[in-house]
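S.K.: A single structure is presented below for examination.
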Amino acid sequence: MASRNHEVSMVKENGGGGNNLKGLSKEMRHGRTAHNMSSSSLRKKSDLTLVSKVCSGHVRNVLVNLQEVILGTKLSILFPAIPLAIVAEGYGFGRSWVFVLSLLGLTPLAERVSFLTEQVAFYTGPAVGALLNATCGNATELIIAIFALSHNKIALVKYSLLGSIISNLLLVLGTSLFIGGLANLSQEQKYDRKQADMNLLMLFVALLCHLLPLLFHYVGASAADTGDSSLQLSRAASIVMVIAYCAYLVFQLWTHRQLFEAQNEDDEEGGSDSEAVIGFWSGFTWLVGMTMTIALLSEYVVQTIEDASDSWGLSVSFLSIILLPIFGNATEHAAAIIFGFKNKLDISLGVSLGSSTQISMFVPLCVIVAWIMGIKMDLNFNLLETASLSLAITITAFALQDGTSHYMKGLVLILCYIVIGACFFVQRTPPNQTNVSNITLKSAN
């Protein structure tokens, strides 16, 4: 009890009253999205008994923050990979080691960013908080894409974002449905189709915008004219997709918010996340620091992925489309399994489909950013990559069309992901492909 009273007193450091914070926390709690719920499933309750005995107030504040932010996650065991990656890069260790350590370090950071945005959201109000959570939900993927873009590695941008979408649709969702089906064999698993239908519609819009630039290469025009037309169409389609995503945010966060709100299991378990555990400025400072660390490790990943590819004899496409998303989506993957096991499929679908929708909109955002930077990037993913994306979206849509689930649906999604992974495993990417300004489909002739 003393530790909880001390914890509550700690969150008043921004000058806000306890009653006001409590009311705001309750309002935020009932507006939490599935992505917030996915991250909270990996958090562990901090024991502040020893920390509360520290006499110095400033030292106690620092220790409470370290306890909540660094040790408040089940993934805290991976935090040592961050300094190890920095040391490996600084002392010139093997580049493949830097790549692996950076990926391991990004895994807990992605979950902690979600935690910190939620803590800041307790003080900013439901509308701003929901927007923060939606924006920072897949910050790691966006930061990696931006750094790859700054190094003019267009293929890496496309591969990494494509891999995240396919991984969320087939691996994360498939594992959730498979585990949930096995754990609940005696029950009929049901979910609300409204949220799933909306996310799938957005994914089909994104797929349309990727298909049309690809089809330009079959119209019979010269390569120069085709490339120019594809680029112009991609930029126009990117603007349309960004507008569509802004409308989707309004739909999700304001006009039809009830469709996307996750049922909070904390209401059944005592409301452990009903109050902020750190203050606003502490949360904001930690959020900035975590984001800068993600940026540093993302830089390492972009710089070392080709060296890792050469060292391991694997193509850059396989590392970017299969390996990178497995680490980047580790939080969503673990949470989706947990909620699938608990028969909370609405949350599992919100995690996988919501992340896929958001990441699909990062691609047009990168096209617009590249346009501003003077880099020619289009929405053409090439035939193999676009076909994989198309099949992943279509198979997922068919699997979710009746509003019920069982383990066989999950197994089929996992097997489809394995086949796609095997395809990119045996594919051999030319060594210089990730350095060119764009990837174009070679003529069948």
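S.K.: Go through (1) in a helix (DSSP H, G or I); (2) of a type outside the set (D, E, K, R); (3) more than 14 Å from the chain's Cα centre (by Cα) and name the single condition Leu185 misses.
M.R.: (1)
S.K.: Can you name the residue in the range 57-85 that is in a loop (DSSP other than H, G, I, E, B) and farther than 18 Å from Leu324 by Cβ and, of all such residues, is most open to solvent (accessible area, probe 1.4 Å)?
M.R.: Lys74
S.K.: Another question, then. Return yes or no: is Ser238 assigned to a helix (DSSP H, G or I), at pLDDT below 85 and more than 26 Å from Ala335 (Cβ to Cβ)?
M.R.: Details: assigned to a helix (DSSP H, G or I): yes; at pLDDT below 85: no; more than 26 Å from Ala335 (Cβ to Cβ): yes.
Against the criterion (assigned to a helix (DSSP H, G or I), at pLDDT below 85 and more than 26 Å from Ala335 (Cβ to Cβ)), Ser238 does not qualify.
S.K.: Evaluate the following for Lys194: is it in a helix (DSSP H, G or I), open to solvent by 10 Å² or more (accessible area, probe 1.4 Å) and in contact (Cβ under 8 Å) with a residue 60 or more places away in the chain? Spell out the reasoning first.
M.R.: Numbers: in a helix (DSSP H, G or I): yes; open to solvent by 10 Å² or more (accessible area, probe 1.4 Å): yes; in contact (Cβ under 8 Å) with a residue 60 or more places away in the chain: yes.
When the stated conditions are applied, Lys194 passes them.
S.K.: Give the residues of the range 406-415 that are within 21 Å of the chain's Cα centre (by Cα) and either open to solvent by 50 Å² or more (accessible area, probe 1.4 Å) or under 18 Å from Leu200 (Cα atoms) (or both), sorted by residue number. Show your work before the answer.
M.R.: Filtering the range 406-415 for residues within 21 Å of the chain's Cα centre (by Cα) gives 410, 413-414.
Gly410, Leu413, listed by residue number.
S.K.: A follow-up question, please. Kindly list the number of the only condition in (1) surrounded by 19 or more Cβ atoms within 10 Å (Cβ to Cβ); (2) at pLDDT 85 or above; (3) within 21 Å of the chain's Cα centre (by Cα) that fails for Ala88.
M.R.: It is condition (3) that Ala88 fails.
S.K.: Can you list the helices (runs of 4 or more DSSP H) lying wholly within the range 306-405 that have 2 or more residues being open to solvent by less than 10 Å² (accessible area, probe 1.4 Å)? First the steps, then the outcome.
M.R.: Details: elements: 324-328, 330-341, 345-373, 383-399.
Correct list: 330-341, 345-373, 383-399.
S.K.: Among the β-branched types (Val, Ile, Thr) and either touching a residue at least 40 places away in the same chain (Cβ under 8 Å) or crowded, with 20+ Cβ neighbours inside 10 Å (or both) - does that describe any residue in the range 176-191? Break it down stepwise before answering.
M.R.: Step one: filter the range 176-191 for residues among the β-branched types (Val, Ile, Thr), giving 179.
Filter once more, keeping what is either touching a residue at least 40 places away in the same chain (Cβ under 8 Å) or crowded, with 20+ Cβ neighbours inside 10 Å (or both): 179.
Checked against the condition, which is being among the β-branched types (Val, Ile, Thr) and either touching a residue at least 40 places away in the same chain (Cβ under 8 Å) or crowded, with 20+ Cβ neighbours inside 10 Å (or both), the range 176-191 yields at least one hit.
S.K.: Something else now. Check Leu296 against each of (1) surrounded by 22 or more Cβ atoms within 10 Å (Cβ to Cβ); (2) at pLDDT 90 or above and name the one condition it does not meet.
M.R.: Unmet condition: (1).
The values are calculated or read from the model by the stated rules, or taken from the named source; none is laboratory data. Model, not experiment: these values are computed from the prediction. Cβ coordinates were reconstructed from backbone atoms using ideal geometry, including for glycine residues, and neighbour counts include every protein chain displayed. Ligands, DNA and RNA are stripped out before the accessible areas are found, and what is left, the full protein with its side chains, is counted by its heavy atoms. Shrake-Rupley method; radii C 1.70, N 1.55, O 1.52, S 1.80 Å.
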